[in-house]
Every structure is written in C-alpha cells, then in structure tokens.
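Enquirer: The structure is given below, and queries will be raised subsequently.
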Amino acid sequence: MKRFNLLVACFFSAILALFVYSFTQVDLSLTLSKVSVYQIAEKYLQHIGFYERPLSTLIYIIILTVLIAFYFKFLRLAIKKQLDIKKVWILIAVTAVVLGFSYNAFSYDLFNYIFDAKIVTHYHLVPYFYKALDFPNDPMLSFMRWTQRTFPYGPSWLVLTVPLSFIGFNIFLLTFFLFKFLAVFSFLGSCYLIYKISEKLFPEDKLLNLVFFALNPLVIVECLVSAHNDIPMIFFFLLSVYLFLNKKKFTAFVLNIFSIGVKFSTGVVFPLFIVLEYFDRTKRKINWEMFFVASFLLSLLTVAGATVRTTFQPWYLIFPLSLVAFVPKKLYILIPVLLSTVFGLAIYIPYIYMTDYAKGYPIVAAAIESVGLVSIVVSVLFYFLKTKLSLRH
C-alpha cells in the first residue's frame, strides 16, 4: 500500500510540474491576469519558455519521461489487478481538476473555439460565414492563429460552446476556464463511461481499460491541457454506446448523431451502429470486441484523412485511443498505442525547442512522425509474423 501511495505521489508530482510548465508557453501577446504576483510569475515562466528554449525542452522531456514511465507502471499493476480502484479514481479526478486550470500550452485551437462562439454571442453573426479576420479590431487576434478559417465543426459544437460564451460575458479569463472545464467534465465523463461499459462487457478488465485511457499521457495532454474538442465528441459517442447497451436505442442514436455534429470523426463508425441495430433486432449475438476493433480501424481513416488534408497532429489519436481502451490486452493494439503515445508527445519537443515557425521545424517534425509510423508498422508486422511462426510450431 505504501508503495502504491508513493507511486501516486510521484505521478501527481509530474502532473503538478506539467501544470506549472504549461504557463511557460503563454503567448507573449496575452496577459491572463493583471494581478501583480501572477504577472511576475508569468513573466518568469515565459522567459523560460521563449528565451531559454534548451532549458524549457529539457524540463518538458523530463516531465514527459516521468509520465510515460509511471503510465507503464500503472498498466502493469492494472494487468496484475494490484490497483485500488478508489485511489485510481481520486488520481484521475485530481489530475483533471488541476490541469483544468492549466494553460493550453501546445495548441492554439482553444482560442479559436472561444472566438467561434464569440462571433455568435458578441457579434451576433454566424461563424460558418465569418472568420476571426473579419473582426480586425478584436483584441483576441493578437494571440490567435488560423484566423483565416471559418467554422470547421458541426452544429453540436456550437450548441455546447455558445452557452459558455454567453455565461462568460465576453470576459476572456472566465470564458477560457469555462471552455477548459467543458473538456475536464467531458474527460471525466468519458472515463466513467469506459469503466461502466467495460463493467458490462469486459468486467475482468474494467480497471485496466480505465487506466489505459485515463492515465495515458497523450490523452492527458491533449484533453486536459490543450482541451481539444475531440473529448466532448468522444464523450457523446461513448454515452451513445452505453445507452445502446441499456436498450435505450433511440436516445443512443440521437446522441451518436450529436457526437458526429461536434467534429464529424465519429461519423465513420456510424455504419457499425446500424449493424448493431440489425444484430439486436434479429436476436444475433453481438461480438463487442470485434465492434471496438473495427471501430478503431475505421477511426484510423479519420486520422489519415485529416493528415492528408492538413498535417498530422497528435490529438487526432485521441478518438482511436478511446476505442482501443476496451481491448488493450491485444498486443497488436497495445504496442502500437504505446509507441504512438511516445512519438505523439515527442512531436512537441522540436515545437518547444525551435517553434513551429522555424525553418527546419517541418523537417524535424516530419522525421519524428515518420520514425513513429515506421516503428508502429514494424511492431505490428513483427507481432503477426511471430504469431504465425509460433502457430506453425
């Protein structure tokens, strides 16, 4: 028990370090608070992030290494069923709340989410037809990116964010944290649903499945720090699966469509819901393990499509990770997921060290992506080759 408590303390220390470190990346054109004590701390942290880049990179690598190492340890303990479920939930909840107050260090997308909703609540216009650049006097433009694009998401995302923008009264910091905690609650809800769905379908692995997703460093960074809207999309998708399991099929289909309306990615899995309905109506047994594996494979199409359309981004992996969380014991899935976690987070190393504006950044980032992809492909091929050879003998 003492050993487990020490493990939790070390992991949480790394989470606190990530929380503090996130403020080294506060945009130089943005001041989050006018409180003098905070401004002193912010300027000190910004100096590390923008003017002491080798030191900043080293700190990030240390935090990253610790989080990954302890994640592997937690997975091992979960497989051996040596984890206390209550303490795991406390760790997940505390992690979510602490990082809910962090800065979106590795992505500017959160600012775009806020501005898209602001177009509705403040400018009384439709973001599908207007972009941030259409409002050149707005102070948010000084620290935003992708100001030239119109609203790229589904109407469900506006349904979720416009009320937050309205409640925020155009006060940036208040609105910022409202959006952050939308991600926090979506993350916690997704974790709960993974646990409850596993409890029904894979009761022996319910704790492993929870740990696999909730304590994954890539999931933590992209869902809680950067607060991407992938996690609300995932929440409503998982909720639809859970309701389907509980025979509330109409509501399940409605929420599945609502999920698609957040970011479209879950749309690739919708045909499988039709298959589920067909199997259920014809009294055929549903192979849920196959459903999640097939859903995972289909979700990779969205990763490939988004990568071809723009460039690869680590948060594209969050939706596939939420699906394979139900089948983590399959080595041909587990090993690639662990590799993608490491390489997905490693992509931020050149971002921190040289910024994405640097001339050599695209080459370095592409090299990391390529090495990661090759490693994943080789690991899968090696697994199946080894399995085939063992069957022959």
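Only the coordinates and a few stated rules stand behind these numbers; no lab work does. Small disclaimer: the values here were computed from a predicted structure and weren't measured. We place every Cβ from the backbone using ideal geometry, glycine too, and count neighbours over all the protein chains shown.
Enquirer: Give the angle, between 0 and 90 degrees and rounded to the nearest 10, that separates the Cα long axis of helix 288-309 from the longest principal axis of the Cα atoms of the chain.
Expert: Between helix and principal axis, roughly 40 degrees.
Enquirer: Taking the 0 to 90 degree range and rounding to the nearest ten, how far is the long axis of helix 172-201 tilted relative to the main principal axis of the chain, both from C-alpha atoms?
Expert: 0
Enquirer: Would you list, by chain and number, the lysines whose Cα falls below 16 Å from the Cα of K249, excluding same-chain residues fewer than 8 positions away?
Expert: Partners found: K283.
Enquirer: Label points 7 Å out from Cα along the Cβ direction at I167 and I79: separation in nm?
Expert: The two pseudo-label positions are separated by 4.1 nm.
Enquirer: For C223, C191, what's the fewest-to-most ordering of other Cβ within 10 Å of each Cβ? Mind showing how you got there, number by number?
Expert: On the way: C223 31, C191 27.
Starting with the residue having the fewest Cβ neighbours, the order is C191, C223.
Enquirer: Additional query: Out of all Cα-Cα pairs in the stretch 2-392, roughly what percent, to the nearest whole number, are more than 30 Å apart?
Expert: Details: 31607 of 76245 pairs.
Cα-Cα pairs of the stretch 2-392 separated by over 30 Å account for 41 percent.
Enquirer: Where the centre of each part is set by its Cα atoms, how far does the stretch 322-393 sit from the stretch 93-138, in angstrom?
Expert: First find each Cα centre; the distance between them is then 31 Å.
Enquirer: Fully extended, how many nm does the chain gain between Y278 and K248 (0.36 nm per residue separation, minus their Cα-Cα distance)?
Expert: In short, 9.3 nm is gained.
Enquirer: Which residues does the label zone of T65 cover in the stretch 6-25, counting backbone N under 20 Å from a point 7 Å along Cα→Cβ?
Expert: Those under the cut-off are 7-22.
Enquirer: Going down the list K87/K196; K87/K329; K81/K329; K200/K263; K263/K285, which pairs span over 21 Å between their C-alpha atoms?
Expert: Numbers: K87/K196 17 Å; K87/K329 23 Å; K81/K329 13 Å; K200/K263 28 Å; K263/K285 31 Å.
In this structure, K87/K329; K200/K263; K263/K285 exceed 21 Å between Cα atoms.
Enquirer: Tell me which lysines have Cα within less than 18 Å of K34's Cα, excluding those fewer than 8 residues away on the same chain?
Expert: K43
Enquirer: Sort the stretch 37-136 into rounded, prolate or oblate with this rule: let a ≥ b ≥ c be the square roots of the eigenvalues of the Cα gyration tensor; rounded if a/c is under 1.5, and if a/c is not under 1.5, prolate when a/b is larger than b/c, oblate otherwise.
Expert: Because a/c hits 1.5 or more and a/b fails to exceed b/c, the stretch 37-136 counts as oblate.
Enquirer: Is the stretch 254-393 rounded, prolate or oblate when judged by the Cα gyration tensor, a ≥ b ≥ c being the square roots of its eigenvalues, rounded requiring a/c under 1.5 and prolate requiring a/b larger than b/c?
Expert: oblate
Enquirer: For T147, T311, what's the fewest-to-most ordering of other Cβ within 10 Å of each Cβ? It would help to have the intermediate numbers written out before the result.
Expert: Details: T147 18, T311 12.
Ascending number of Cβ neighbours within 10 Å: T311, T147.
Enquirer: Quick check: net charge around F235, other residues with Cβ under 13 Å of its Cβ, Lys/Arg +1 and Asp/Glu -1? Mind showing how you got there, number by number?
Expert: On the way: positive: K196, K263; negative: D230.
Every neighbour counted, the sum reads +1.
Enquirer: Want the number for Y44 to V98: 0.36 nm per residue separation, take away the alpha-carbon distance, what's left?
Expert: Going from the current span to full extension adds 17.4 nm.
Enquirer: At 0.36 nm per residue, and after removing the present C-alpha to C-alpha distance, how many nm does the segment from V377 to R309 gain when stretched out fully?
Expert: Full extension of this stretch gives 22.3 nm more.
Enquirer: If the cut-off is a Cα-Cα distance under 19 Å, which aspartates and glutamates reach K248, setting aside same-chain residues fewer than 8 apart in sequence?
Expert: Result set, ordered by chain and number: E199, E277, D280.
Enquirer: Going by how many other beta carbons lie within 10 Å of each one, how would you line up H228, H124, H47, fewest first?
Expert: The most exposed by this proxy come first: H124, H47, H228.
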